[in-house]
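The values are calculated or read from the model by the stated rules, or taken from the named source; none is laboratory data. All figures in this text were calculated on a predicted structure; none of them were measured in a lab. Every residue, glycine among them, receives a Cβ derived from its backbone with ideal geometry; neighbour counts consider all protein chains shown. Ligands, DNA and RNA are excluded from the accessible area calculation, which covers all protein heavy atoms including side chains. Shrake-Rupley method; radii C 1.70, N 1.55, O 1.52, S 1.80 Å.
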Amino acid sequence: EIHKYYPQLVTMDEITKRRIRTAGIYIPLLTGTLSVIGSGSILYSIWAQRSIKLKDPQHRILAMMSIFDIGYSVNKALMFLTYPSGLGVPTFGNNATCALQGFFTQFGYAAGSYNLVLSIYYYSVINRGMKKQEFARVWEKLLHGIVIICHLSFAIIGVSIGLFNPTPGFCYIASAPNAWCKTDNTCTRFENSSAWFYEAFAQGWIQLAYVGIVVTNALIYLFVRRQENEMAKYRHRGNVFAEQLSDMKKKSSYARTVFVQSILYVGAFFLSWSWATIFHLVGWTTGVSVPWITLLINTFLPLQGFFNAIIYARPRYIRLKRNNVHLSFTQLIKLVFLPDTSTGPSNSRLTNNGSSLSINGSANVSNKFSCVFRSFMSSRNRNERTASYPPVSVPETEEAKTKAITWADSKPIQDADEEEGKDVEG
């Protein structure tokens, strides 16, 4: 039946074609779920430390990107419920649910546009030397407004004029299938104009993002290289420039770290969104619809949130791994996305099994023992410096005797990490 509605489909065995289309409908149930988990983890990590992270434009941009990605991924995961039935694949939707799917697909394109916003932020901070507060005051609200208002307007317009109709693999901008036509006027309503709507509402923004992302990251790369070349010149001029060289090293290291993060986000964007552009170009140049490309669109587009979560966790995971070699992978991932905020930043320690202990009067250690222990540690530090104080004995409480505590364990880097890497985290 779908071949009657779309005779431009590339020639392929009908059974194979149906299997590919069915896989394209149901695979997003898995990939969309992964993306929701990834974007949700980013949002939770930001919210758990909102007093710090929500003051940073970078984290606010990532939060908005994650919110739109969750909406888009849920929409893709539920395609088997919203794609119209009777079009050659086992689905359960109708005309109304198809329009709903198209609405959230169009609105979810804002997640891709936020990759451009993030690249603009990195360029402003690194190349232009703009302070975060200045970027928030001058550009952030404007960019948020442009992205949200434009994509919401496109989605509302598309639903109101009946622009969202079934394609061979999903519901989006297309002319209505013949079987749905009630009059000749309805049949030909978007036959010639759907391609222009698709370019204006979707591909125009994606291509703009491609150009902006490539240009900004190329400029960041050139800036980083120029800094490194200047630092190499100063390195051979003796100790006179030692202080200036140290400052240049810090700036160069920060710029390179931000550039690496930016490139990784760009890679996730291209891996997720390039298939839609390929689908558009193939259809525009050849006039055929390739089912394999539709399958790749439905597989990779919902995965951007999953890729973003890995990239977001990367800097923090590296620091945690470097300073907590005794922790397992699972414990490190938990600290990355689920920081322990119940005891405050300076009150906890990690044991070898990853459990958190408090020394400020929690259930694990009594108030009296906590005070004595802190006194003991303070005295021991003074002894190491002056070697003139007598040793201090620490009385054991019954609770301390029954619970083994390894006080030599390292402080959770989730606390010290905030100062060490808060500028580049994420």
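Brief remarks follow.
- Failed item, numbered, when Ser113 is tested on (1) free of Cβ contacts under 8 Å to residues at least 60 places away in the same chain; (2) within 17 Å of Val215 (Cβ to Cβ); (3) touching a His at 6+ places or on another chain (Cβ under 8 Å): (1)
- Selection status of Met12, modelled with pLDDT of 90 or more and touching a helix residue (DSSP H, G or I) at 6+ places or on another chain (Cβ under 8 Å): no
- All positions within region 132-150 that are more than 16 Å from Ala63 (Cβ to Cβ) and touching a helix residue (DSSP H, G or I) at 6+ places or on another chain (Cβ under 8 Å): Trp139, Cys150
- Of all the listed residues (Ile311, Ile318), the sole one being under 20 Å from the mean Cα position of the chain (by Cα), modelled with pLDDT of 90 or more, within 23 Å of Leu43 (Cβ to Cβ) and hydrophobic (A, V, I, L, M, F, W, C) is Ile311.
- Matching residues in region 311-330 - criterion: being over 26 Å from Ser272 (Cβ atoms) and open to solvent by 50 Å² or more (accessible area, probe 1.4 Å): Lys321, Arg322, Asn323, Val325, His326, Ser328, Thr330
- Residues of region 83-92 satisfying the condition of being of a type outside the set (S, T, N, Q) and either part of a loop (DSSP other than H, G, I, E, B) or open to solvent by 10 Å² or more (accessible area, probe 1.4 Å) (or both): Tyr83, Gly86, Leu87, Gly88, Val89, Pro90, Phe92
- Each residue in region 148-166 was checked for being open to solvent by less than 10 Å² (accessible area, probe 1.4 Å) and among the β-branched types (Val, Ile, Thr), and 0 pass.
- Failed item, numbered, when Asn308 is tested on (1) under 26 Å from Lys53 (Cα atoms); (2) open to solvent by 60 Å² or more (accessible area, probe 1.4 Å); (3) touching a residue at least 12 places away in the same chain (Cβ under 8 Å): (2)
- When region 137-147 is filtered for residues that are open to solvent by 20 Å² or more (accessible area, probe 1.4 Å) and closer than 22 Å to Ile263 by Cα, the ones remaining, listed by number, are Trp139, Leu143, His144.
- Exactly one residue among Val147, Val117, Val74 is over 16 Å from the mean Cα position of the chain (by Cα) and not aromatic (Phe, Trp, Tyr), and that residue is Val147.
- Of all the residues in region 49-69, those that are assigned to a helix (DSSP H, G or I) and open to solvent by less than 30 Å² (accessible area, probe 1.4 Å) number 11.
- Residue in region 286-308 that is modelled with the lowest pLDDT, counting only those that are polar (S, T, N, Q) and part of a helix (DSSP H, G or I): Thr286
- Summed over region 157-176, residues that are assigned to a loop (DSSP other than H, G, I, E, B) and either closer than 22 Å to Gly88 by Cα or touching a residue at least 40 places away in the same chain (Cβ under 8 Å) (or both) total 9.
- Some residue of region 228-236 being at pLDDT below 75 and within 30 Å of Asp69 (Cβ to Cβ): no
- Of all residues making up region 117-129, the number that are open to solvent by 30 Å² or more (accessible area, probe 1.4 Å) and either under 27 Å from Lys76 (Cβ atoms) or not small (Gly, Ala, Ser) (or both): 4
- When Ala111, Ala99 are checked against the criterion of being within 13 Å of the chain's Cα centre (by Cα) and either part of a helix (DSSP H, G or I) or surrounded by fewer than 22 Cβ atoms within 10 Å (Cβ to Cβ) (or both), a single residue qualifies: Ala111.
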